[in-house]
Amino acid sequence: ASIWKLFPSSERRTLMSEKKVIAVVGATGAQGGGLVRAILNDPDGGFTARVLTRDVNSDKAKELARQGAEVVAVDIDDPESLKKAFEGAYGVYCVTFFWAHFSPEKEMAEAKSMAEAAKAAGVKHVIWSTLEDTRNWVPLSDDRMPTLQGQYKAPHMDAKGASDHFFTDAGCPTTFLRTSFYWDNFIHFGMGPQKMPDGTLAITLPMDDKKLPGSAAEDIGKCGYGIVKKGDEFIGKTVSISGENLTGAQLAAFFTEVLGKEVRYNSVPPDVYRSFDFPGADDLGNMFQFKRDFEDHYSGSRNPDFARSLNPSLQDFKTWLTQNKSAIPLE
């Protein structure tokens with residue numbers, strides 16, 4: 001006890017009032033990294049970040065540790081490893097990455113393990129990064145879009161939506177955070193402006209004139225932090241977010257303005273998009289068709305003003321594009 005005499009009383013109080021730990025799955029990824037940085041950038045917010053990563057020696061993990069985060073090794077496929085990583089945490093942010101393996105079953109198994117580990121650890125607030133199960137709108141018997149992998153319409157969405165019940169079944173106090181299209185896909189996923197046969201640049205989407213809700217991946221994590229700071233307000237609720245809801249033509253107009261080169265909107269039918277030669281084209285074609293055909297629900301439930309109430313620094317598309325224009329690959 002005598003060591004406390006070495007500290008002024010104000011510092012003593014600070015040291016003794018422990019911050020609430022938020023354990024973040026996928027903390028070196030887009031969403032999780034945004035949440036960790038939001039916590040670290042708010043030193044008086046009452047929270048501290050625990051980075052959960054498979055590779056504690058990665059450059060991203062080391063950088064977050066340097067900034068003040070606790071870094072813990074976790075194997076998301078090992079329930080015991082997850083339970084240990086969640087121990088002592090006030091909250092956990094749970095996210096899966098379908099595109100690492102393209103397996104809905106693996107994604108659902110990971111979600112189930114996270115839900116059970118959160119319950120076992122006595123976590124007070126779980127945020128589960130999820131999406132709609134499109135089969136609730138387009139049953140497998142509906143041939144408007146093909147059924148994929150035998151039992152899904154948009155596997156990467158359906159697996160997340162179908163996993164919501166794991167958190168409810170486990171009795172976890174959960175906020176279901178429905179995200180939206182990453183604008184970062186225009187950088188990393190080959191969805192940015194591409195050169196057409198006639199030499200012009202175009203973005204290609206099967207959305208007709210319907211709006212596509214989107215956001216910066218970083219802002220999803222920041223909205224997650226906004227939810228954490230609200231305490232119990234959103235526990236048991238589904239929260240849907242977006243930075244801005246724009247048509248393909250509006251997106252192309254912003255590309256033209258910010259890049260200083262004409263970019264047009266190449267609207268194609270979903271069947272054409274599904275036929276493109278890249279992994280997951282059929283899944284994404286179905287995803288875009290769902291967002292197009294059910295715009296009233298999908299876009300209608302994602303109000304950027306609400307997302308801004310959680311994250312006051314929420315970026316609109318032009319702001320994001322202006323900051324990232326040098327990273328957009330132009331083919």
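The values are calculated or read from the model by the stated rules, or taken from the named source; none is laboratory data. Just so it is clear, the structure is predicted and the values come from calculations on it, not from any experiment. FYI the Cβ positions are ideal-geometry reconstructions off the backbone, even for glycines, and counts take in every protein chain you see. Note: areas computed on protein heavy atoms with side chains; ligands, DNA, RNA excluded. Shrake-Rupley method; radii C 1.70, N 1.55, O 1.52, S 1.80 Å.
Between LYS119, LYS230, LYS83, find the one with the highest GNM mean-square fluctuation for the chain; connect C-alpha pairs within less than 10 Å.
LYS230
Distance from a point 7 Å along Cα→Cβ of GLU87 to each backbone N in segment 21-35: keep the residues under 19 Å and list them by number.
The answer is 21-25.
Which trypsin sites (Lys or Arg not before Pro) in segment 232-276 pass both tests, a DSSP loop state and at most 15 other beta-carbon atoms within 10 Å? Could the numbers behind the result be given before it?
On the way: sites: LYS237, LYS261, ARG264, ARG274; in loops: LYS237, LYS261.
Answer in residue order: LYS237, LYS261.
Just to be sure I understand: of the beta bridges DSSP finds with both ends in segment 95-205, what percent are antiparallel, rounded to 5?
Values: 3 of 8 bridges.
Rounded to the nearest five, the antiparallel share is 40 percent.
Indicate the gyration tensor shape class of segment 143-214 (rounded, prolate or oblate), computed on the Cα atoms with a ≥ b ≥ c the square roots of the eigenvalues: a/c under 1.5 is rounded; otherwise a/b larger than b/c is prolate and the rest oblate. Write out the running numbers ahead of the final one.
Working: a/c = 3.08, a/b = 1.95, b/c = 1.58.
Verdict is prolate for segment 143-214.
What accessible area, in Å² to the nearest ten, does a 1.4 Å probe give for LEU131?
20
Let me make sure I get this right: for segment 40-172, a, b and c are the square roots of the gyration tensor eigenvalues over alpha carbons, sorted descending. Under 1.5 in a/c it's rounded, otherwise prolate if a/b > b/c, else oblate. Which is it?
On the way: a/c = 2.27, a/b = 1.91, b/c = 1.19.
In terms of gyration-tensor shape, prolate.
Per DSSP H run of at least 4 residues, take -39500 (n - 2.57); add these up for the chain, divide by its residues and hand me the 222 nm value, nearest 500 deg cm²/dmol. Let's see the in-between values first.
On the way: 15 runs with 132 residues, N = 331.
Helix contribution divided over all residues of the chain: -11000 deg cm²/dmol.
Taking the Cα centre of the chain as origin and charging only Cβ (+1 Lys, Arg; -1 Asp, Glu), how large is the dipole, in debye to the nearest 20? All intermediate terms of the calculation are to be shown ahead of the outcome.
Values: 38 positive and 45 negative charges, 240 e Å.
Taking the Cα centre of the chain as origin, the dipole is about 1160 debye.
Can you give the accessible area per residue of segment 233-299, in Å², using a 1.4 Å probe?
On the way: 2830 Å² over 67 residues.
In whole numbers, segment 233-299 has 42 Å² accessible per residue.
Only bridges with both residues in the chain count here: give the DSSP antiparallel percent, nearest 5.
Numbers: 6 of 38 bridges.
Within the chain, antiparallel bridges account for around 15 percent of the total.
Build a GNM of the chain with springs between Cα atoms under 10 Å: which of GLY68, GLY171, GLY192 gets the top mean-square fluctuation?
Comparing GLY68, GLY171, GLY192 in the GNM, the peak value goes to GLY171.
Name the GluC sites (Glu not before Pro) in segment 201-262 that are in a loop by DSSP and that have at most 15 other C-beta atoms within 10 Å, would you?
Details: sites: GLU218, GLU233, GLU244, GLU257, GLU262; in loops: GLU233, GLU262.
Listed in order of number, the matching sites are GLU233, GLU262.
Students sometimes get this wrong: rank ARG50, ARG66, ARG308 by accessible area, probe 1.4 Å, all chains present, largest first. All intermediate terms of the calculation are to be shown ahead of the outcome.
Numbers: ARG50 25, ARG66 170, ARG308 85 Å².
Sorted by accessible area, descending: ARG66, ARG308, ARG50.
At 1.4 Å probe size, put SER215, SER103 in order of accessible surface, largest to smallest. Let's see the in-between values first.
Numbers: SER215 5, SER103 30 Å².
The most accessible residue leads, giving SER103, SER215.
Considering only DSSP beta bridges whose two residues both sit in segment 197-284, what percent are antiparallel, to the nearest 5?
40
If the only charges are +1 at each Lys and Arg Cβ and -1 at each Asp and Glu Cβ, what is the size of the charge dipole of segment 237-331 around the Cα centre, to the nearest 20 debye? Don't skip to the answer; put the middle values down first.
Details: 10 positive and 13 negative charges, 65 e Å.
Dipole magnitude for segment 237-331 comes out near 320 debye.
Could the peptides 275-283, 30-38 be put in order, highest first, of the mean number of other beta-carbon atoms found within 10 Å of their residues? It would help to have the intermediate numbers written out before the result.
Working: 275-283: 13.3, 30-38: 24.1.
Per-residue mean Cβ counts within 10 Å order the peptides as 30-38, 275-283.
Once you have a ≥ b ≥ c as the square roots of the Cα gyration tensor eigenvalues for the chain, tell me rounded if a/c is under 1.5, and otherwise prolate or oblate according to whether a/b is larger than b/c. Show your work: numbers first, answer last.
On the way: a/c = 2.13, a/b = 1.55, b/c = 1.37.
Prolate.
Have a look at GLY26, GLY221, GLY150 and tell me which one the Gaussian network model of the chain (Cα, springs below 10 Å) gives the largest fluctuation.
In the Gaussian network model the winner is GLY150.
Assign unit charges at the C-beta atoms only (+1 for Lys and Arg, -1 for Asp and Glu), then state the dipole size of segment 160-263 relative to its Cα centre in Debye, rounded to the nearest 20. Don't jump to the answer; show the numbers that get you there.
On the way: 10 positive and 13 negative charges, 31 e Å.
Result for segment 160-263 is approximately 160 debye, rounded to the nearest 20.
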